[in-house]
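Read-outs: derived from the displayed coordinates by stated rules, not from any lab. As the structure is a prediction and not an experimental result, all values here were calculated from the model. Positions of Cβ are backbone-derived with ideal geometry, glycine not excepted, and every protein chain shown enters the neighbour counts.
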Amino acid sequence: MTQPIDTSIYAAITEAIQAEAHRILAEGEVTAIVGYAAARRKGSAQPIIITDAADSVKLIFTPACVNNLAVYLTKAKKDIPKNGKIGIVVKGCDLKALSGLMGESQLKREELYLIGVPCAGVLASTVCPDQELTGDSIAPKCTECDAHLPTGCDFVPAETLVTPELERKYAVEIARLEALTPAERWVYWKEQFAKCIKCYACRQVCPFCFCEQCLCDRNKPQMVDTTPRPAGNTAWHIVRAMHLAGRCAGCAECERVCPMDIPLNLLNRKMAKELKELYNHEAGFEVLDKGPLNMFTEKDDQSFIK
Amino acid sequence: MQPTKQNTFEPKIIAFVCTWCTYAGADLAGTSRMQYPSNVRVLKFPCTGRIDPVFILKAFQQGADGVLVSGCHPGDCHYIAGNFHARRRFAVFRKLLEFVGVDLNRLQFSWVSAAEGGKWVEVVTDLTEKVRSMGPMTEFKELAMEEQWSGAINTPELQEAYNSI
């Protein structure tokens, strides 16, 4: 499994992003660009917003560029696009999230200048940000990625990707859990959810959790117990998975930011799998007017209804 | 639990019903003097489309042993498409509950029209008997009883440190 993954093209991608960023900022096509810059530790990366063409040399793309930058255009920051066209550096998974947000009328395509990145994968953990990208250190989401090359962007560096076939980590884990009895699964999830400290990092980082008031913060009526205790935690994670069903783009940011290492994306992947089976829906680059749970057909399966 | 208590277990069933069809159907069962178990507590909603999955969770947390969701047959919705949307939502929700480890035998969905008093009796009786044979739903109640994950001392080192206090 210590299969090396070729990331040699990331240097060329960095150069191409810098050149493009310089051009669009200098020509005034965009007012700002959201991208990645080197952080203080060797090899690490952090999000950056640049507004000056001279700053375009700060932009990079490395295996440590894990963040989904789409979150910088929603929630408290949703006024940002009003100041003019915004450039944003997107990996395939981030572009799926942006497409979903456009479908839900949170963003407009004409407000964005998309700089797509051909991405072979990013690191699972940035604890050692300068480590090599291998079959072990790659993020689990990247082992199942079907969107290495974003399409429909305004600019994509012309680089050829080599993406080896890897073991699909989520599919394996979902199959393992599905083979257990409901009681065994309950024990597994009880232990996982019990770890939750209700920091809501998963909610804050999710591009799709953009409600101004979350159902789980309301107290009249209080639907979900807010204290970090097992009952409220379980309810929160079930509600979260349900609200993301049919919307989640699979960027796995929830799982990455979880300080207690709860396998949150496992629930999202399971829901995605069910939606694929039931309604043939998959998150993609296409902007859909309606998600699978906002529409219906008269012939939908109702074998479970008496 | 003591055996005597087990023998007298009466399941608590919460029924979320739509006011236009199933509520009227249950009413018809009543006015027709049909007999059905009194274990069911009926909650009336405008439409199955109004029934949020979180209501079902809340019902289980508050002590329900079984949950029934019932509304108009497809095509008969008073609001034209509420039950079609609900059908998709619940199809997905029950998959989620199954994955988390809830026994789906405790959760029943049905279409009962205003004319189907007999079907209402049948659905309620079936679910009540099924849940009665399964015993009380303990999973969510136990969660509510548990305070903290760290409350359990399960490593030998911790146990030793605890014993030495």
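Tell me, what is the percent relative contact order of the stretch A:113-195, built from C-alpha pairs under 8 Å that lie six or more residues apart?
RCO, the stretch A:113-195: 34 percent.
In nm, to one decimal, how far is the modelled label at B:Lys44 from the one at B:Ala144, with both set 7 Å along Cα→Cβ?
2.6 nm
Can you tell me which of A:Ile138, A:Ile88, A:Ile238 moves the most in a GNM of chain A? Springs connect C-alpha atoms under 10 Å apart.
Of the options given, A:Ile238 has the highest mean-square fluctuation.
As a test of understanding, state the convex hull volume per residue of the stretch B:1-77 from its alpha carbons, in Å³.
Taking only Cα atoms, the stretch B:1-77 has a hull volume of 98 Å³ per residue.
Quick one: which residues, 5 or more positions from A:Ile48 or on another chain, have an amide H under 5 Å from its amide H? H modelled 1.01 Å from N in the peptide plane, none for Pro or chain starts.
A:Gly35, A:Tyr36, A:Ala37
Sum up the charges of everything whose Cβ sits under 13 Å from the Cβ of B:Ile14, counting Lys and Arg as +1 and Asp and Glu as -1, but leave B:Ile14 out.
Around B:Ile14, the charge tally is +4.
List the residues whose amide H sits under 5 Å from the amide H of B:Thr19, counting only those 5 or more places along or on another chain, with H placed 1.01 Å from N in the peptide plane.
When sequence neighbours closer than 5 places are left aside, the close amide H contacts are B:Phe45, B:Cys47.
Taking each residue of A:270-278 in turn, how many C-beta atoms of other protein chains fall within 10 Å of its C-beta, and what is the average?
The shielding value for this peptide is 3.
Calculate, for A:Gln204 and A:Lys306, the FRET efficiency according to 1/(1 + (r/R0)^6) with r their C-beta to C-beta distance and R0 35 Å; round to the nearest 0.05. The partial results should precede the final answer.
Values: r = 41 Å, r/R0 = 1.17.
Once rounded, the FRET efficiency stands at 0.30.
Put +1 on the Cβ of every Lys and Arg and -1 on every Asp and Glu Cβ in chain A; which of A:Ala26, A:Pro4, A:Pro47 then has its Cα farthest towards the positive end of the dipole?
A:Pro47
Kindly write out, for the stretch A:191-198 in residue order, the coupling ³J(HN,Hα) from the Karplus curve 6.51 cos²θ - 1.76 cosθ + 1.60 (θ = phi - 60°), rounded to whole Hz, with x marking Gly and Pro.
5, 5, 5, 4, 6, 4, 10, 6
Percent of Cα-Cα pairs per 5 Å bin, from 0 to the last occupied bin, for the stretch A:173-281, please list those.
The percentages, shortest bin first, are 2, 12, 21, 24, 21, 13, 5, 1.
Return the long-range amide H neighbours of B:Val69 (sequence gap of 5 or more, or a different chain), with a cut-off of under 5 Å between placed amide H atoms.
Result for B:Val69 returns B:Phe16, B:Gln108, B:Phe109, B:Ser110.
Which whole number gives the average, over all residues in A:289-300, of C-beta atoms from other chains lying within 10 Å of the residue C-beta?
Across the residues of A:289-300, the mean count of other-chain Cβ atoms within 10 Å is 3.
Checking the a/c ratio against 1.5 first, then a/b against b/c, what shape does the Cα gyration tensor give for the stretch A:92-172?
Prolate shape, in that a/c is at least 1.5 and a/b is the bigger ratio.
Treat each spin label as a single point 7 Å out from the Cα along the C-beta direction, and report the A:Asp6 to A:Cys211 distance in nm.
Result for the modelled spin labels: 4.6 nm.
Quick one: what are the phi-derived ³J(HN,Hα) couplings along the stretch B:26-43, Karplus 6.51/-1.76/1.60 with θ = phi - 60°, whole Hz, x for glycine and proline?
5, 4, 4, 4, x, 5, 7, 6, 7, 9, 8, x, 7, 6, 8, 10, 8, 10
With the crude spin-label approximation of a point 7 Å out along Cα→Cβ, what separation in nm comes out for A:Gln46 versus A:Arg23?
3.0 nm
How many partner chain Cβ atoms sit within 10 Å of a residue's Cβ in peptide B:83-91, on average, as a whole number?
Going residue by residue through B:83-91 and averaging, the value is 6.
With a cut-off of 8 Å between alpha carbons and a minimum separation of six or more residues, what is the relative contact order of chain A in percent?
Working: 489 pairs, mean separation 54.1, N = 306.
Here the relative contact order equals 18 percent.
Set the Förster distance to 25 Å, then compute FRET efficiency between A:Ala158 and A:Asp289 from the Cβ-Cβ distance, nearest 0.05. Intermediate values should be presented prior to the final figure.
Numbers: r = 32 Å, r/R0 = 1.28.
According to the calculation, E is roughly 0.20.
Filter the cross-link list B:Lys44/B:Lys95; A:Lys306/B:Lys119; A:Lys190/B:Lys130; A:Lys198/B:Lys58; A:Lys82/A:Lys290 down to pairs whose alpha-carbon distance in this structure exceeds 21 Å. All intermediate terms of the calculation are to be shown ahead of the outcome.
On the way: B:Lys44/B:Lys95 25 Å; A:Lys306/B:Lys119 10 Å; A:Lys190/B:Lys130 25 Å; A:Lys198/B:Lys58 18 Å; A:Lys82/A:Lys290 25 Å.
In this structure, B:Lys44/B:Lys95; A:Lys190/B:Lys130; A:Lys82/A:Lys290 lie more than 21 Å apart at Cα.
Given 10 °C and 1.306 mPa s, how large is the Stokes-Einstein diffusion coefficient of the protein assembly as shown in µm²/s, with Rh as the Kirkwood radius over Cα pairs?
Using the Kirkwood radius from Cα pairs, D works out to 64 µm²/s.
Rg/Rh for the stretch B:3-164 to two decimals, with Rh computed the Kirkwood way over all alpha-carbon pairs.
Here the Rg-to-Rh quotient is 1.12.
Could you work out the Kirkwood radius for the stretch A:1-158, taking every pair of different alpha carbons, averaging 1/r and inverting it, reported in Å?
With all distinct Cα pairs of the stretch A:1-158 included, I get 15.8 Å.
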